[in-house]
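S.K.: Before we start, here is the structure in question, set down as structure tokens.
Every number here is computed from the coordinates shown, using simple stated rules; none is lab data. Note that this is a predicted model, so its numbers are computed, not measured. So basically every Cβ, Gly included, is an ideal-geometry build from the backbone, and we count neighbours across all protein chains shown.
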Amino acid sequence: MAKPRKMLSDIDIPAVDGLFRLIPSQSKETVAKWAVDYAGRILLPLWIKYCPDDVRPQDALDAARDMIAKKIKWAELNPKVADCISAAKDMETEPVPRGEARAIAQCSSAIHSASHAMGLALYGALAVAYDKVGVNAPRDEQDRVASEECERMLAALQSVAVTNEPKPCKVSWKC
């Protein structure tokens, strides 16, 4: 049995490429709101399924929403993101909640740097796939389910994307 991956390793799937192309055409606020909303709607319920008493990912998403709304600054959000990363580390042997917490932490910090929003696809899609088909399922089946989730992520971003965004974010992809 292969060791479960921590993140989606095939970034050449069409929906991921679509995210890589669309994110830099949008404002940081649009990207962050999409990432936080999607993570809250899809990933947080899975986190709660596995870790019902751990509120660190919820706290990170709530703080991110506050920063998007300009109610708090990065100095107040950053510790919540760090706590969410700690939640992922605490789940090191549990691939589903580990991936969910990593993705939620990345999404929560997307208002600071829009490139972090790709954590939704790279960590979150694989966590969803592991939840749906299991960590022992054939890799091609996991990748198919993760790819389908990435398609839903792209469709969600497309639905809120601003045509000819006047303030597109600056993104530096390092992959």
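S.K.: Per residue of the chain, what 222 nm ellipticity follows from adding -39500 (n - 2.57) for every DSSP H run with n ≥ 4, rounded to the nearest 500? Please list the in-between numbers first.
M.R.: Details: 8 runs with 102 residues, N = 175.
Counting only the DSSP helices, I get -18500 deg cm²/dmol.
S.K.: Another question about this same structure. If you add up the charges near residue 69, with Lys and Arg at +1 and Asp and Glu at -1, over every other residue whose beta carbon is less than 10 angstrom from its beta carbon, what do you get?
M.R.: Working: positive: 33, 65, 70, 71; negative: 29, 66.
Neighbourhood net charge equals +2.
S.K.: Still on this structure, please answer the following. Starting from the Cα of residue 89, draw a straight line to each of the lysines and keep only those under 28 Å, dropping any in the same chain fewer than 8 residues away.
M.R.: Of all the lysines, those that pass the test against residue 89 - Cα under 28 Å, at least 8 places apart if same chain - are 3, 6, 28, 33, 49, 73, 80, 132, 174.
S.K.: Defining a contact as two alpha carbons under 8 Å apart and six or more residues distant in sequence, what relative contact order in percent does the chain show?
M.R.: Numbers: 272 pairs, mean separation 57.5, N = 175.
About 33 percent, as a whole number.
S.K.: Report the label-to-label distance for residue 69 and residue 6 in nanometres (one decimal), using points 7 Å from each Cα along the Cα→Cβ vector.
M.R.: Distance between label points: 3.4 nm.
S.K.: A further question follows. Suppose the chain between residue 152 and residue 132 were pulled fully straight at 0.36 nm per residue; how much longer would it get relative to their current alpha carbon spacing? Before the final figure, lay out each step's value.
M.R.: Details: separation 20, 0.36 × 20 = 7.20 nm, distance 1.50 nm.
In short, 5.7 nm is gained.
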